[in-house]
Amino acid sequence: MKEAERLQREELGTAQYGVTQFSDLTAEEFRSKSLNFTMKLPDIKQKSTVTAIPSDKDWRKYGVISEVKNQGNCNSCWAFAAVGNIEAQWGIQGCPKNLSVQQVIDCGPCDAGCRGGFTWDAYIAVQMQGGLASEDKYKYEGVRKDCRKGLKPAAWIHDFQMLPRNEIAMTSYVGNNGTLTVIINNAILQHYNKGIIHNIHKSCDPDLVNHVVLIVGYVRDGKIPYWIVKNSYGTEWGEKGYFRIFQGKNICGVTKYPLAAIVNFRKTKTTPCLPEGTI
């Protein structure tokens, strides 16, 4: 409670801090629930086009964001964020999905699983498997198991991309194209209840990123511009599983690694949701 009170004193936005389901953990214990090994960034295609930016966007209003889920004791934030991004990209094309996170954990590269991983690990896993099964066919268990083969994919991706690490390019993408995965410092989330996070540097060092989340929208036309972010701590945490964070100052390192899946669709009357390149 003393830590929550300290964060409240330092808060520059509207965020409120207090008791959460993580209040009984030490800072070290909470940090251990996140990514805990060195990043090795692969060669990723970059997108740099900036187009007209809408004043606000919330992809939840379009019915393309699946329900908030809970990663539990598995360090699987990386898989939840990437799968949520893929679901949204399909939904934006008129084909909403609820896809398997467990398949990414079981079948991902580098034996990552519940030890933690990165967004690109998830996308590579999807490519290696030829797509993702639906959640009801490959349910989340929160532990790494043997990779199940032979399941019919419910969704595919063609590639993935990294955006320039600045919030103008990121806002343009979210406003015009869809959701975006980012890696942030999760220290401040341990005590977060609600509101727009805008805390001082030392409480959420932007260089110490360790938690992958999904940006689903933003607001720029109010008094305080902010990102709308989907987390994987369940609906009892934060704002029904979401949080808001100040936009424009790289709070908590939100610009570190902005990535998104690439899905190109070919629509016909008989196969309205068939991606290009499939039979």
Study note, to complete from the structure: Apart from one, (1) closer than 21 Å to PHE243 by Cβ; (2) surrounded by fewer than 23 Cβ atoms within 10 Å (Cβ to Cβ); (3) at pLDDT 95 or above all hold for TYR140; the odd one out is (1)
Point to revise | Given (1) at pLDDT below 95; (2) under 23 Å from CYS114 (Cα atoms); (3) not acidic (Asp, Glu), number of the condition HIS201 does not satisfy | key: (2)
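A quick yes/no check of all residues on (1) farther than 19 Å from GLY238 by Cβ; (2) modelled with pLDDT under 90; (3) surrounded by fewer than 16 Cβ atoms within 10 Å (Cβ to Cβ):
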residue	(1), (2), (3)
GLN46	yes, yes, yes
SER55	yes, no, yes
GLU67	no, no, yes
GLN71	no, no, no
CYS77	no, no, no
GLU87	yes, no, no
Revision key, fill the gap. Among the residues of region 117-168, the number that are of a type outside the set (A, V, I, L, M), closer than 20 Å to THR255 by Cβ and part of a loop (DSSP other than H, G, I, E, B) is 4
Practice item. Consider only pairs whose beta carbons are under 7 Å apart and that are at least six residues apart or on different chains; among these, list those whose first residue lies in region 212-228 and is in contact (Cβ under 8 Å) with a residue 12 or more places away in the chain and whose second residue is surrounded by 18 or more Cβ atoms within 10 Å (Cβ to Cβ) and among the basic types (Lys, Arg). Key: VAL213/LYS230; LEU214/LYS230; VAL216/LYS230; GLY217/LYS57; TYR218/LYS57; TYR226/ARG244; TRP227/ARG244; ILE228/ARG244
Review point. How many of the residues making up region 145-182 are under 23 Å from LYS97 (Cβ atoms) and free of Cβ contacts under 8 Å to residues at least 60 places away in the same chain?
Key: 9
Review point. Can you pull out the residues in region 97-111 that are surrounded by fewer than 23 Cβ atoms within 10 Å (Cβ to Cβ), at pLDDT below 90 and not acidic (Asp, Glu)?
Key: PRO109, CYS110
Review point. Inside region 168-185, can you point out the residues that are crowded, with 22+ Cβ neighbours inside 10 Å, over 15 Å from THR119 (Cβ atoms) and not aliphatic (A, V, I, L, M)?
Key: THR171, ASN185
Practice item. Residue by residue through region 81-123, note down the ones that are more than 20 Å from LYS152 (Cα to Cα), without any contact (Cβ under 8 Å) to a residue 60 or more places away in the chain and touching a Phe, Trp or Tyr at 6+ places or on another chain (Cβ under 8 Å). Key: ALA112, ASP121
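The values are calculated or read from the model by the stated rules, or taken from the named source; none is laboratory data. All figures in this text were calculated on a predicted structure; none of them were measured in a lab. No Cβ is skipped: glycine too gets one built from the backbone with ideal geometry, and neighbour counts run over all protein chains shown.
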